[in-house]
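Computed from the coordinates by the stated procedures, all read-outs in this text should not be read as laboratory data. From a predicted model like this one, the values you see are computed outputs, not experimental measurements. With ideal geometry, Cβ positions are generated from the backbone for all residues, glycine too; neighbour counts draw on all protein chains shown.
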Amino acid sequence: MPLTFHRKPALVVYVTCGDPNLVTTREIILAAIEAGADVIELGVPFSDPVADGPVIQRASERALKHFTSLGQVLTLAAEVRQHAQSTGLIIFSYLNPILRMGMEKFCMVARAAGADGVLVTDLPVEESGEYLRAMKSNDLSPVFLAAPTSPDDRLQMIAEASRGFVYAVSRTGVTGARQKLTDDAQKLVRRLRKYTKLPIAVGFGISTAEQFAEVGKFADAGVVGSAIVETIERNPGREAVAVAEFVRKLTSVSHRPPVVS
Amino acid sequence: MAALEELEREYNKAKLDRKFQQRLQELLRTYAGRPTPLFFAQRLTQKLGGARIYLKREDLLHTGAHKINNCLGQGLLVERMGKHRVIAETGAGQHGVATATVCALLGFECVVYMGTEDMRRQELNVFRMRLLGAEVRGVESGSRTLKDAINEAMRDWVTNVRTTHYLLGSVLGAHPYPTMVRDFHRVIGREARAQILKAEGKLPAAIIACVGGGSNSIGIFYDFLKDKKVQLIGVEAGGRGEKLGDHAARFRGGLPGVLQGTYSYVLQDGAGQIATTHSVSAGLDYPSIGPEHAALRDAGRAEYVPASDAEALEATTLLARTEGIIPALESAHAVAEVVKRAPRMKKSEVVIVNVSGRGDKDVRILRENLKID
């Protein structure tokens, strides 16, 4: 199950697992896949989500109220994999829950669950030696974040360590939808291109089809996180339906028709 | 990462820059009030009947705690880097006040993040920060204490990193902060070592300091690290009990983990979620500990013991009535430990207690907890 982006721009959808509960998260994910999402980032809620804005912070707090754990997210990944063979699945977590489980054990379980890759929010590439070894021996793709403030030599380090795709953060800041994308995103992608042939996904702040189409002009994929999480927050009782509607709107701007699953 | 690398580069250059060091020394001397005295606590010594107790008076520094040593150092770095906006986190408010103070001194915009629970229990400091011209932003998320303030400060920093310096207040966070903050506080131990040799003609048997993030303690420990016979004792917040969530004693059940850019001992649950902590003292109420302390403890060079809320409160009254010094609740934890330890030591031995701050900010809590008026 390699990470392939079938359309341009491909859509990467982030959800905080366990918000409002794991059963609903499963429904949401499957609905998003059916509506055209290419890759799902399964977010593991954390007590101290320092890289996240208020929307994902609230989602994490709700998910943690019933003790949603990394272990449960991995189980959920396995369930999703059973129903979706060609969707990319990324486990998205802060480092501490992974350390608590054990790096090697985590990678083994993630592989067994059918995950394609992992993104650890607060693990910089400089500190990733042990992680990269465990990921490689378990045939998982490590996804890293590149920032507009990353100097060229750092972008090169990030590009060389990455597998699957490179996540280009569109602006300095934390997660959260914005009215317009800054120029930072395009400049960053241009600089990254010098160092990698992997697909580049742009994330942080994308909340409309227009912004998603804009991203498609210079990157291979767009990541939509807070806007999805906020859609979930605003549609209690009909989360999966609402997310599917939103995803269809986004993918309507992509250059190829959605793959029928 | 780029901002951290820039900071490290500037810091390394400043270390070798004589003009920078001279200016820092001058400000420490003429503005902050260094050197601080090392005071022989005669009545306390007599009362406890054991070792000779000396108090290192960081409470006498401008703003009332040791925090300003680091704020002056980083403030001069901000000037060097050409940034104009400074943000900080604060627990008890002393670091916030020291940051606001230095920003007023050097002319920077200042925003301090503080958990709303801490704002309630350290009102005096909130007012002082605002009077000094800083904006104090209350943090409502999580436990509404120090770690939540740090989260919010970090979010501000990554958003505004090009114009803003994050003036971290303790030996925590990503490199270079633990090293840099320790270096700025080393003056405490450097002075104390010279002072005790002058006063007693010998080195102390033990040094005791409270440990929240660990800045005052590593500051007084550092120059004694090479003196192997000097015992180094860090006192953590024993809070109100031993259950996770009732204290902030990282070495009582904490496990290696990563929080806010640092790998150290962290109080956490089995799933790797960071635990909430409790201490009567806001400045010790933090689930992780400076990584240098973790290394010292693992190497056996320093030992870490808890003092409970009740013991700290009792120690506050004791020091106030025996020596006329009202310590901060944080520092009272160190006093609580000397109360236990001094009687067991020989009368010829010397022990130094770091009084990291004064207790004016704690009047409200002291009033709530002690039966005085």
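Data for the structure
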{"read-out": "Loop-resident sites, the range B:123-200, for trypsin sites (Lys or Arg not before Pro), counting at most 12 other Cβ within 10 Å (DSSP)", "value": "B:ARG162"}
{"read-out": "Spin-label pair B:ALA320/B:GLU8, simplified geometry with 7 Å Cα→Cβ offset, distance in nm", "value": "4.6 nm"}
{"read-out": "Karplus-derived 3J(HN,Hα), 6.51/-1.76/1.60, for each residue of the range B:4-15, Hz, glycine and proline x", "value": "5, 5, 4, 4, 4, 4, 4, 5, 4, 5, 4, 4"}
{"read-out": "Residue-averaged [θ]222 nm for chain B, counting only DSSP H segments that reach four residues, each worth -39500 (n - 2.57)", "value": "-13500 deg cm²/dmol"}
{"read-out": "Per-residue HN-Hα couplings for the range A:210-223 [Karplus 6.51, -1.76, 1.60; θ = phi - 60°; Hz; x = Gly/Pro]", "value": "5, 5, 4, 5, 3, 4, x, 6, 10, 10, 8, 8, x, 9"}
{"read-out": "Cys residues of chain B counted as unpaired, since no other Cys beta-carbon is under 4.7 Å", "value": "B:CYS71, B:CYS210"}
{"read-out": "Global form of the range B:239-373, assessed from the alpha-carbon gyration tensor, a/c cut-off 1.5", "value": "oblate"}
{"read-out": "Most fluctuating residue given options A:THR68, A:THR251, A:THR182, as computed from a GNM of chain A linking Cα atoms under 10 Å", "value": "A:THR182"}
{"read-out": "Cβ-Cβ FRET estimate between A:ARG133 and B:ALA104, R0 fixed at 51 Å, reported to 0.05", "value": "0.55"}
{"read-out": "Shape of the range B:15-167, Cα gyration tensor, a/c cut at 1.5", "value": "oblate"}
{"read-out": "5 angstrom amide H check on A:ASP122, placed H, neighbours 5+ away", "value": "A:LEU95"}
{"read-out": "Fewest-first ranking of B:VAL171, A:VAL73, using other Cβ atoms within 10 Å as the exposure measure", "value": "A:VAL73, B:VAL171"}
{"read-out": "Around B:LYS226: net Lys/Arg minus Asp/Glu count, Cβ-Cβ under 11 Å", "value": "+2"}
{"read-out": "Potential extension, B:GLU135-B:GLN22 segment - 0.36 nm per residue separation minus Cα distance", "value": "37.6 nm"}
